[in-house]
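For reference, the structure discussed in these notes is given below.
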Amino acid sequence: MSIQWHKSTCPYCGFGCGLMVGVEQGKVVKVKGMEDHPTNKGKTCILPANYPPIFTDKDRLKHPMLRRDGKLVPVEWDEAISHVASVLRQIIAEHGPGAVAFYGGAINLTEEYYLMNKLMKAAIGTNNMECSTRLCMASTAVGFVSTLGADAPPACYADIEKADLFLIAGNNMAVSVPVLFQRVRASKEKNNVKVIVIDPRRSATADIADIHLQLKPGTDVPLNHTLAHILLKEGFVNEDRVEHYASGLRDLKALVEKYPPSRGAQITGCPENQLIEAARAIGSAKAMLTFWFQGYNHSSQAVYKNNTLHNLSLLTENFCRPGAGPLSITGEANAMGNRWVGSLAHLLPGMRMVANSQHRKEVADFWKIPADNISQAPGRSIMDSIKGLHTGDIRALWVMTTNPAASIPNTRWVTEALGKAELLIVQDIFHPTETTLLGDVIFPAAQWCEKTGTFISAERRIELVQAVIDPPGEAKPDYEIIWLMARAMGFEKEFPYTSPEEVFEEFKKITKGRLCDMNGVTYERLRGNIGPQLPCPDADHPGTPRLFTDWRFPRPDGRAALLPRDYKAPGDTLDEQYPFALITGRLAGQFNTRTRTGRSPQLNKMAPDAFIEIHPEDALKLNISEGQEAEISSRRGSFRLPVRLTDRLLTGTVFIPWHYGSALWVGEGKSVNLITSTVCDIHSKQPEYKFSAVQIRPVS
């Protein structure tokens with residue numbers, strides 16, 4: 001029998017590579033890049049190419065399970081659904097809807113997050129709905145809202161081939177988004193594009209840089225202020241033109257006056273002449289495209305980093321035209337989609353806010369419920385829900401397609417909280433994970449290629465992911481589990497759906513007239529064609545590659561905002577006891593907490609275990625050699641890892657990959673989140689993974 005090929009979209013990062021999935025005798029046997037897809041043009045990274053074994057791994061969840069006498073035992077779906085519905089109703093009756101919370105992953109389909117929003121915010125009546133976007137892209141979203149007026153990335157991938165300067169900040173795209181990196185490198189070579197990389201590590205991405213600003217961790221805000229200072233002082237800013245499309249120039253000038261190159265160099269550790277060279281390159285560019293990623297967002301000043309990076313583009317008119325603008329790449333496949341569907345505690349569907357009375361009325365009218373049913377107060381972030389489990393304010397937590405027992409900082413604090421839940425529901429594709437091991441109820445879910453729905457990529461392109469094989473055993477698509485739960489809780493009328501297409505057709509109506517308008521999109525349009533970039537308001541619309549090309553922004557005065565953001569040092573403090581700054585990050589062969597990639601033999605062979613990178617000079621002082629174990633401690637805990645020596649780090653900094661927990665045979669106590677800080681950005685509530693104060697000691 002020959003292989004049957006099906007169009008799909010990658011389920012890993014948010015770049016949105018087009019894929020072809022090969023099916024033979026009911027099994028996925030091969031995954032390859034789609035030749036004519038504008039995003040990746042046939043290329044793909046090693047993650048989707050190694051996906052087929054994941055479908056048949058021995059740990060696939062096939063049956064619901066309930067915890068009885070301390071053990072998880074298989075049960076029928078009716079019993080599992082009935083039990084959860086009964087306990088949730090009881091908790092809500094005794095403690096109110098605010099005692100229930102939800103936390104999901106950004107790989108969920110747009111349709112699934114729409115259903116979950118409707119269940120939590122309309123039916124149950126709580127805004128305690130969160131997504132792993134909180135750990136990934138929340139700061140980018142708040143940065144866009146505060147600078148532009150909306151969480152709407154304005155640039156597109158086609159700008160890569162039109163730029164003459166790439167400014168890459170806190171983004172080792174060679175590892176995190178390798179297909180994007182291939183396009184960036186190819187454009188540099190073909191079009192003689194200049195590259196500036198801002199990163200405390202000399203990464204594989206920094207290897208292609210013309211200028212590598214190897215700054216001290218956490219000093220991006222003063223770096224950006226210094227670059228702005230030089231741009232203004234040396235006449236690269238047309239102030240009359242800037243004031244036409246951006247407010248706040250006077251206040252920004254007053255602030256950056258305090259950041260001349262001498263002070264910028266002192267704070268960041270970058271040489272003065274290098275700062276001046278970088279600023280002049282920015283000022284001279286005809287089209288600058290900016291990229292940033294978790295190196296920016298995993299910070300207690302994450303939103304300010306975003307704002308001050310946007311300042312550089314606004315000052316130099318590098319916005320809203322081909323080759324120029326901010327281009328953020330989301331960390332997971334549908335992080336853009338779940339933001340637009342409202343899957344954070346302060347959001348509502350269609351790029352609306354729960355604190356906005358008009359937005360609440362629009363959504364309530366659409367759902368045909370009283371406006372008072374939607375609380376005007378934002379719900380709890382996932383970090384606040386963990387605190388709520390400790391205090392007893394949160395009694396039930398529903399976790400779907402994510403692994404908070406491994407991914408959230410200060411692991412012991414998190415697992416203790418999950419253990420206090422009266423009801424912990426975990427909906428996943430594998431067992432064990434660090435979180436399923438703690439669950440009271442386990443729902444077996446279908447995964448990519450076993451269910452149908454939509455993803456929205458980082459350039460606002462919507463694509464259809466289709467079911468091409470059946471899920472194993474009794475596993476069900478997440479959307480079906482959600483509507484079954486809703487009906488069991490008494491919301492039959494509100495959840496009459498029988499297919500994800502019905503859900504999509506309902507959701508898209510609430511996007512009408514918004515920047516995320518998808519009323520021109522249907523499943524039929526997506527099945528045989530490349531999906532359009534949103535907004536796409538009608539069937540004849542080709543999609544929108546770039547936003548704000550008229551230089552009008554969705555803010556009260558129609559202008560973007562130049563924001564004078566004060567610098568504050570990272571939340572965790574270096575001292576004699578904890579003198580090293582810990583940075584966490586990705587490896588090429590693993591993804592998130594390895595729930596999927598750790599079960600791919602080839603990927604696991606590439607990166608089977610964690611390690612700590614230390615600069616040779618620091619290792620010499622500590623009397624630590626290559627391969628030796630070291631004990632790493634913070635104010636929250638400690639563990640041991642083998643050492644790798646590298647001069648790609650600054651002295652005084654160390655690096656540990658974030659992928660490793662305890663559920664996948666790497667041994668207890670090797671997760672970097674045992675020692676990471678719970679300090680968060682106060683505006684986005686995103687944790688500061690990229691700076692934790694640690695000490696290191698050799699282990700004999």
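The values are calculated or read from the model by the stated rules, or taken from the named source; none is laboratory data. The structure presented is a predicted model; accordingly, all values stated were derived computationally and were not measured. Because the Cβ atoms are built from the backbone with ideal geometry, glycine has one as well, and the counts that use them run over all protein chains shown.
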Self-check item: Filter result for Val414 (of a type in the set (Val, Ile, Thr) and either part of a strand (DSSP E or B) or free of Cβ contacts under 8 Å to residues at least 12 places away in the same chain (or both))
Solution: no
Quiz item: Among all residue pairs at least 6 apart or on different chains, which show Cβ distances below 7 Å where the first residue, located in segment 486-507, is part of a helix (DSSP H, G or I) and modelled with pLDDT of 95 or more and the second is surrounded by fewer than 17 Cβ atoms within 10 Å (Cβ to Cβ) and not β-branched (Val, Ile, Thr)?
Solution: Ala488/Ser82; Glu501/Tyr523; Phe504/Tyr523
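I need the full set of residues from segment 375-396 which are in contact (Cβ under 8 Å) with a residue 40 or more places away in the chain, touching a helix residue (DSSP H, G or I) at 6+ places or on another chain (Cβ under 9 Å) and in a loop (DSSP other than H, G, I, E, B), in order please.
First, pick out the residues of segment 375-396 that are in contact (Cβ under 8 Å) with a residue 40 or more places away in the chain: 375, 377-385, 388, 393-396.
If we keep only those that are touching a helix residue (DSSP H, G or I) at 6+ places or on another chain (Cβ under 9 Å) too, we end up with 375, 379-383, 385, 388, 393-396.
Within segment 375-396, Ser375, Gly379, Arg380, Ser381, Asp393, Ile394, Arg395 qualify.
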Quiz item: Which residues, counting only those in segment 1-31, are more than 24 Å from the chain's Cα centre (by Cα) and of a type outside the set (A, V, I, L, M, F, W, C)?
Solution: Ser2, Gln4, His6, Lys7, Gly22, Glu24, Gln25, Gly26, Lys27, Lys30
Quiz item: Counting only residues that are of a type in the set (Gly, Ala, Ser) and in a strand (DSSP E or B), which one in segment 99-148 is surrounded by the most Cβ atoms within 10 Å (Cβ to Cβ)?
Solution: Ala101
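Taking the conditions exactly as written (more than 15 Å from Val195 (Cα to Cα) and either modelled with pLDDT of 95 or more or not assigned by TED's automatic domain parsing to the domain that holds Gly104 (or both)), does Arg280 satisfy them or not?
Numbers: more than 15 Å from Val195 (Cα to Cα): no; either modelled with pLDDT of 95 or more or not assigned by TED's automatic domain parsing to the domain that holds Gly104 (or both): yes.
Judged against the criteria, Arg280 is not a match.
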Quiz item: Under the condition of being among the hydrophobic types (A, V, I, L, M, F, W, C) and buried (at least 24 other Cβ atoms within 10 Å of the Cβ), which residue from segment 170-183 is nearest to the chain's Cα centre (by Cα)?
Solution: Val177
Quiz prompt | Of the criteria (1) crowded, with 20+ Cβ neighbours inside 10 Å; (2) without any contact (Cβ under 8 Å) to a residue 60 or more places away in the chain, which one Asp372 fails | solution = (1)
Quiz item: If you go through segment 690-700, how many residues are out of contact with any helix residue (DSSP H, G or I) (no Cβ under 7 Å at 6 or more places or on another chain), at pLDDT 95 or above and not hydrophobic (A, V, I, L, M, F, W, C)?
Solution: 3
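Output the strands (runs of 3 or more DSSP E) that fall wholly within segment 605-673 and possess 2 or more residues being within 22 Å of Asp207 (Cα to Cα), or say none.
On the way: elements: 612-614, 629-633, 638-645, 653-657.
Correct list: 612-614, 638-645, 653-657.
Would you check if there is a residue in segment 516-525 being more than 24 Å from the chain's Cα centre (by Cα), loosely packed, with under 15 Cβ neighbours inside 10 Å and over 27 Å from Phe548 (Cβ atoms)? If you could, list the steps in order and put the result at the bottom.
Within segment 516-525, the subset more than 24 Å from the chain's Cα centre (by Cα) is 519-525.
Among the residues that remain, those that are also loosely packed, with under 15 Cβ neighbours inside 10 Å are: 524.
Adding the requirement that they be over 27 Å from Phe548 (Cβ atoms) leaves 524.
So far as segment 516-525 goes, yes, one or more of its residues are more than 24 Å from the chain's Cα centre (by Cα), loosely packed, with under 15 Cβ neighbours inside 10 Å and over 27 Å from Phe548 (Cβ atoms).
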Practice problem: Kindly indicate which of Gly531, Gly513, Gly558 is crowded, with 19+ Cβ neighbours inside 10 Å and farther than 30 Å from Gly264 by Cβ. | Solution: Gly531
Quiz item: Which is surrounded by fewer than 23 Cβ atoms within 10 Å (Cβ to Cβ) and farther than 24 Å from Pro48 by Cα, of Asp393, Asp470?
Solution: Asp393
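What tally of residues in segment 648-666 results from selecting those that are touching a residue at least 40 places away in the same chain (Cβ under 8 Å) and either touching a helix residue (DSSP H, G or I) at 6+ places or on another chain (Cβ under 6 Å) or farther than 20 Å from Pro217 by Cα (or both)? Outline the logic, then answer.
Initially, segment 648-666 is screened for residues touching a residue at least 40 places away in the same chain (Cβ under 8 Å), giving 648-650, 652-664, 666.
Filter again for either touching a helix residue (DSSP H, G or I) at 6+ places or on another chain (Cβ under 6 Å) or farther than 20 Å from Pro217 by Cα (or both), leaving 656, 658-664, 666.
Residues in segment 648-666 being touching a residue at least 40 places away in the same chain (Cβ under 8 Å) and either touching a helix residue (DSSP H, G or I) at 6+ places or on another chain (Cβ under 6 Å) or farther than 20 Å from Pro217 by Cα (or both): 9 in total.
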Exercise. Look at segment 283-299 and say how many of its residues are in contact with a strand residue (DSSP E or B) (Cβ under 9 Å, 6 or more places away or on another chain) and surrounded by fewer than 24 Cβ atoms within 10 Å (Cβ to Cβ).
Key: 4
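So if I check each of Asp151, Asp159, which one is in contact (Cβ under 8 Å) with a residue 12 or more places away in the chain, in the same structural domain as Gln214 (by TED's automatic domain parsing), part of a loop (DSSP other than H, G, I, E, B) and not small (Gly, Ala, Ser)? If you could, list the steps in order and put the result at the bottom.
Working: Asp159 fails: part of a loop (DSSP other than H, G, I, E, B).
None of the other options fit; the residue is Asp151.
Table: residues versus (1) modelled with pLDDT of 95 or more; (2) within 30 Å of Lys233 (Cα to Cα).
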residue: Phe291; (1), (2): yes, yes
residue: Gln294; (1), (2): no, no
residue: Tyr304; (1), (2): yes, yes
residue: Pro349; (1), (2): yes, no
residue: His359; (1), (2): yes, no
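Being under 22 Å from the mean Cα position of the chain (by Cα) and of a type outside the set (S, T, N, Q) narrows it down to one residue among Leu582, Leu574, Leu622; which is it?
Working: Leu574 fails: under 22 Å from the mean Cα position of the chain (by Cα); Leu622 fails: under 22 Å from the mean Cα position of the chain (by Cα).
The conditions single out Leu582.
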Self-check item: Residue pairs meeting the criteria (Cβ under 9 Å; at least 6 apart or on separate chains; first in the same structural domain as Leu115 (by TED's automatic domain parsing) and closer than 13 Å to Gly453 by Cβ, in segment 471-485; second surrounded by fewer than 20 Cβ atoms within 10 Å (Cβ to Cβ) and of a type in the set (Lys, Arg))
Solution: none
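In the list Ala569, Ala588, which residue meets the criterion of being buried (at least 17 other Cβ atoms within 10 Å of the Cβ) and in a loop (DSSP other than H, G, I, E, B)?
Values: Ala569 fails: buried (at least 17 other Cβ atoms within 10 Å of the Cβ).
Checking each option against the conditions leaves just Ala588.
Results for (1) of a type in the set (Lys, Arg); (2) more than 20 Å from Thr9 (Cα to Cα), shown as yes or no for each residue.
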{"position": "Lys451", "(1), (2)": "yes, no"}
{"position": "Ile462", "(1), (2)": "no, no"}
{"position": "Gln466", "(1), (2)": "no, no"}
{"position": "Tyr479", "(1), (2)": "no, no"}
{"position": "Gly513", "(1), (2)": "no, yes"}
{"position": "Thr522", "(1), (2)": "no, no"}
{"position": "Ile530", "(1), (2)": "no, no"}
{"position": "Pro535", "(1), (2)": "no, no"}
Exercise. Tell me which residues, restricted to segment 381-433, are under 23 Å from the mean Cα position of the chain (by Cα), more than 21 Å from Gly669 (Cα to Cα) and either of a type in the set (Ser, Thr, Tyr) or at pLDDT below 95 (or both).
Key: Ser381, Ser385, Thr401
Quiz item: For segment 8-98, list the strands (runs of 3 or more DSSP E) that sit wholly inside it and hold at least 2 residues that are surrounded by 14 or more Cβ atoms within 10 Å (Cβ to Cβ), of a type in the set (Val, Ile, Thr) and outside the structural domain of Trp448 (by TED's automatic domain parsing); which are they?
Solution: 18-24, 27-33
Self-check item: Matching entry among Arg559, Arg565, Arg555 (being in contact with an Asp or Glu (Cβ under 9 Å, 6 or more places away or on another chain), within 21 Å of Ser146 (Cα to Cα) and touching a residue at least 60 places away in the same chain (Cβ under 8 Å))
Solution: Arg559
Quiz prompt | Lone unmet requirement of (1) in a helix (DSSP H, G or I); (2) in contact with a Lys or Arg (Cβ under 9 Å, 6 or more places away or on another chain); (3) not charged (D, E, K, R) for Ile481 | solution = (2)
